[in-house]
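**Student:** Submitted below is the structure of interest, expressed as structure tokens.
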Amino acid sequence: MSAAPYAKLSEVAFLNPPLGGRLPDDDLVSFVPMASLSAETAKIETTQDRHYSEVSKGFTPFLSGDVLVAKITPCFENGKIAQALLPRRNGFGSTEFHVVRARLDVSDARYLHHYLRLDAVRVEGQRRMTGSGGQRRVPANFLSGLRVPLPPLEEQRRIATILDQAETLRTQRRQALAHLDTLTQSLFLDMFGDPVTNDRGWLRSTLGGVAAAKPNNGVFRKNPEYVQAGLDGLPVVWVEELFRGDLIDTQSSRRLVPTAKELENYGLRFGDLLFCRSSLKLDGIAYNNVYLGESNEALFECHLIRVSPDLDRVSPIYMNHLLRLPMMRAAIKTRAKTSTMTTIDQQGLCAVSIVVPPLALQQTFATRIQAIEALKATHRTALAQLDALFASLQQRAFAGAL
């Protein structure tokens, strides 16, 4: 198929159109907060109901079917673009949305929505942002001047349908992963009950009480001292790695050539639990993850606290999931200290009260978790393949090759 002619977005869509008349004050309208959008949210289908009088000032109006594009940093860079498919005709949302409404005689809204989600559009929009710091925004004239390939309407709808189907498959994989995450927590509570109220009457201890050695903070080195390329040195676990998955993966970690003393003091051992000791946000403090790799094959950085559990008393996988439960996170956060940053020290962390069921039961839980993790790995691989397929379909679709 030959390449389609191009048209400016302003020629095929209305950008930030006005409401077009006042609604009765008691009319119900859909309200869409910025938090409803994410890179994985292609469509917004459920929203809050508000009276028009509640949102008539200070909010952006749009209609069901319009495409909402976050215009502020970092929301735009994070891919917050979605089509609003609302239970009501009229919607209102953040003033930090751009609204794109297809001119139905020449363009299809779903087609424009998929075009606006192209990586190339996001990268160029980021480059064209105005303002500084946290006030950077995508200007309206960037969107209005976008050159959009414009095949006939029927072809636009065909392309949109194919991309919608591919997006549905991606969404289903993400939902399966989310269900497995929920299953993990449900499995824990079913086997051990609430660890805060301890309704099963398990033995109690403290985190420090089940440690095999004195906790310590990690290695301090300046950024230029880290290996920039190749596989020299050893991987070093930083804060960001704690938040990726249910065990620490060092494949993409920064690397460092340690001294013998650093390896002795900061070399990770199988089963080590690592905790975030300082965070700009309270929710991040003392967030944990577990290292299940070979001993002395990785280090950990100074913004982390290491607790090495006594493996004759506790399973590290059990401990990792125990300390991530919402009720345990809430208890841990009460031990944090806040000034310019939120911090927790070794003493506060080690004083956290925990339940210690029989080791055999912990190990049964760990075995079941590993089975769930294997299933999650299968879904992640399939999702990565679907993501690659979707990106390929996008490129072919807007190059006239689909």
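Any read-out appearing in this document is the output of simple, stated calculations on the displayed coordinates, not a laboratory observation. Nothing here was measured: the structure is a model prediction, and the numbers come from that model. For neighbour counting, all protein chains shown are included, and Cβ atoms are generated from backbone atoms with ideal geometry for every residue, glycine included.
**Student:** Would any residue of region 270-289 have its amide N under 15 Å from a label point 7 Å out along Cα→Cβ of residue 313? List them or say none.
**Tutor:** 273
**Student:** Still on this structure, please answer the following. At a Förster distance of 30 Å, what's the computed FRET efficiency of residue 14 paired with residue 46, Cβ-Cβ distance as r, to 0.05?
**Tutor:** Here the calculated transfer efficiency is 0.75.
**Student:** List the GluC sites (Glu not before Pro) within region 9-52 that DSSP assigns to loop and that have no more than 15 neighbouring Cβ atoms inside 10 Å. Spell out each step's value before the answer.
**Tutor:** Details: sites: 11, 40, 45; in loops: 40, 45.
Taking region 9-52 and a limit of 15 other Cβ atoms within 10 Å, the loop GluC sites (Glu not before Pro) found are 40, 45.
**Student:** Could I ask something else about it? Name all residues of region 334-353 having a backbone nitrogen under 19 Å from the label point set 7 Å from the Cα of residue 302 along its Cα→Cβ direction, giving them as ranges.
**Tutor:** It comes to 340-347, nothing else.
**Student:** Oh, and also: Can you give me the relative contact order of the chain as a percent, contacts being Cα pairs under 8 Å and 6 or more apart? Walk me through the intermediate numbers first.
**Tutor:** Numbers: 693 pairs, mean separation 66.0, N = 402.
Worked out over the chain, it gives 16 percent.
**Student:** Can you list the equivalent-ellipsoid semi-axes of region 336-388, largest first and in whole Å, using the square root of 5 times each Cα gyration tensor eigenvalue?
**Tutor:** Semi-axis lengths for region 336-388 are 34, 24, 5 Å.
**Student:** For a Förster distance of 30 Å, can you work out the FRET efficiency between the beta-carbons of residue 22 and residue 141, rounded to the nearest 0.05?
**Tutor:** The value I calculate is 0.60.
**Student:** Along each of the three principal axes of the Cα atoms of the chain, give the extent in whole Å, ordering the values from largest to smallest.
**Tutor:** 71, 54, 41
**Student:** I would also like to ask the following. Provide 6, 52 in ascending order of the number of other Cβ atoms located within 10 Å of each residue's Cβ, fewest first.
**Tutor:** By the 10 Å Cβ count, ascending, the order reads 6, 52.
**Student:** Give me the one-decimal nm value for the distance between modelled label points at residue 127 and residue 182, 7 Å along each residue's Cα-to-Cβ direction.
**Tutor:** Calculated label separation equals 4.2 nm.
**Student:** With both bridge residues required to lie in the chain, what share of the DSSP beta bridges run antiparallel, to the nearest 5%?
**Tutor:** Working: 46 of 54 bridges.
Roughly 85 percent of the beta bridges in the chain run antiparallel, per DSSP.
**Student:** Find how much the distance from residue 35 to residue 196 grows on full extension, using 0.36 nm per residue of separation minus their present alpha carbon separation; answer in nm with one decimal.
**Tutor:** 54.9 nm
**Student:** Counting other C-beta atoms within 10 Å, which of 275, 220, 270, 31 has the fewest, and how do the rest follow? Before the final figure, lay out each step's value.
**Tutor:** Details: 275 24, 220 11, 270 15, 31 20.
Taking fewest neighbouring Cβ atoms as first place, the list is 220, 270, 31, 275.
**Student:** So between residue 292 and residue 341, what do we pick up on full extension, going 0.36 nm a residue minus the alpha carbon distance?
**Tutor:** Details: separation 49, 0.36 × 49 = 17.64 nm, distance 2.98 nm.
Additional length available on full extension: 14.7 nm.
**Student:** So if each residue of separation counts as 0.36 nm, and I subtract the Cα-Cα distance between residue 212 and residue 281, what length gain in nm does that give?
**Tutor:** Difference between extended and current length: 21.8 nm.
**Student:** What's the angle, to the nearest 10 degrees (0 to 90), between helix 153-192's Cα axis and the longest principal axis of the chain?
**Tutor:** It works out to around 20 degrees.
**Student:** Compute the distance in nm between two label points, each set 7 Å from the Cα along the Cα-to-Cβ direction, one at residue 265 and one at residue 382.
**Tutor:** 4.8 nm
**Student:** What list do you get for 350, 276 if you sort them by fewest beta carbons within 10 Å?
**Tutor:** Working: 350 18, 276 22.
Fewest to most other Cβ atoms nearby, the residues stand as 350, 276.
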